[in-house]
Amino acid sequence: MFLSFMIHSPWSVPNIYSDIGSFWGRSVNQGSTIYYPVRQGWVPYFQFFFEYPPISGYILYLSRVIGGDYNGYYSAFGVMSLVAALVLAWSCWRVTNALGTRLNPLYFFLPSVIIYGVYNFDLFNALFIILSLQFFLEDRKGASAAALGLSIATKLVGIVLLPIYLLELRKLQEPKA
């Protein structure tokens with residue numbers, strides 16, 4: 001996470017592109033005036049169009065509110081990403097326990113995690129998906145549904161789990177022969 005944080009950071013020369021950095025510099029033209037919505041602390045969806053689902057926009061907004069300037073904004077997003085990664089690792093451990101297997105810690109050293117951990121909203125989405133799976137396996141269906149909803153509200157990818165969950169729930173309700 002530290003390497004990912006550094007290579008995408010505003011202090012790294014050259015720094016590698018990240019969505020988080022690009023959102024800060026994105027401008028909106030309104031007539032003859034140019035605005036920078038994230039930089040100016042505008043609220044996504046209410047004050048400007050933001051193409052990601054709501055949780056992503058509010059993570060972005062929270063980063064800006066906490067951080068203030070670009071360095072603080074980026075650092076706040078990095079800290080939130082680190083927290084998401086830690087909870088994700090814990091939840092993966094819980095999933096493996098529920099399945100009766102062992103967690104392979106090398107998963108967290110995959111190049112995509114190392115390079116793109118602090119890049120966009122993927123860690124938050126993965127966190128909510130894994131929490132949903134964990135709760136589903138622990139027979140906490142309400143919490144699983146809530147976590148799946150948060151996943152979909154972060155990035156739409158989580159919606160692919162919905163038919164799988166529905167099939168599993170249907171199997172659980174079928175009478176045993």
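The values are calculated or read from the model by the stated rules, or taken from the named source; none is laboratory data. Please read all numbers here as calculations on a predicted model, not as lab measurements. Cβ placement follows ideal geometry from the backbone for every residue including glycine, while neighbour counts extend to all protein chains displayed.
Quick notes on this structure:
- Out of 65, 83, 95, sole residue that is assigned to a helix (DSSP H, G or I), surrounded by 15 or more Cβ atoms within 10 Å (Cβ to Cβ) and either without any contact (Cβ under 8 Å) to a residue 60 or more places away in the chain or more than 18 Å from the chain's Cα centre (by Cα) (or both): 95
- Checking each residue in region 114-140 for being without any contact (Cβ under 8 Å) to a residue 24 or more places away in the chain and either under 30 Å from residue 23 (Cα atoms) or assigned to a helix (DSSP H, G or I) (or both) picks out only 135.
- Considering only residues in region 69-79 that are free of Cβ contacts under 8 Å to residues at least 24 places away in the same chain and in contact with a helix residue (DSSP H, G or I) (Cβ under 9 Å, 6 or more places away or on another chain), the one that is farthest from residue 122 (Cα to Cα) turns out to be 72.
- Index of the failed condition, residue 163 passing every other in (1) outside any helix (DSSP H, G or I); (2) without any contact (Cβ under 8 Å) to a residue 12 or more places away in the chain: (1)
- Condition met for residue 135 (surrounded by 20 or more Cβ atoms within 10 Å (Cβ to Cβ) and within 30 Å of residue 10 (Cα to Cα)): no
- For region 141-156, the set of residues classified as touching a residue at least 24 places away in the same chain (Cβ under 8 Å), under 15 Å from residue 54 (Cβ atoms) and not in a loop (DSSP other than H, G, I, E, B) consists of 150, 151, 152, 156, listed by residue number.
- Residue count for region 90-118, restricted to those that are within 12 Å of residue 130 (Cβ to Cβ) and at pLDDT 80 or above: 8.
- Single match in 4, 63, 22 (criterion: within 24 Å of residue 156 (Cβ to Cβ), at pLDDT 90 or above and not charged (D, E, K, R)): 63
- The one condition in (1) of a type in the set (A, V, I, L, M); (2) at pLDDT below 90; (3) surrounded by 14 or more Cβ atoms within 10 Å (Cβ to Cβ) that residue 143 fails to fulfil: (2)
- Residue count, region 42-62 (criterion: in contact with a helix residue (DSSP H, G or I) (Cβ under 9 Å, 6 or more places away or on another chain) and part of a helix (DSSP H, G or I)): 5
- In region 8-41, the residues that are part of a helix (DSSP H, G or I), within 19 Å of the chain's Cα centre (by Cα) and touching a residue at least 12 places away in the same chain (Cβ under 8 Å): 19, 20, 21, 23, 24
- Filtered residues of region 127-140 (kept if among the small types (Gly, Ala, Ser) and modelled with pLDDT under 90): none
- Filter result for residue 13 (in contact with a strand residue (DSSP E or B) (Cβ under 9 Å, 6 or more places away or on another chain), over 22 Å from residue 133 (Cβ atoms) and modelled with pLDDT under 90): no
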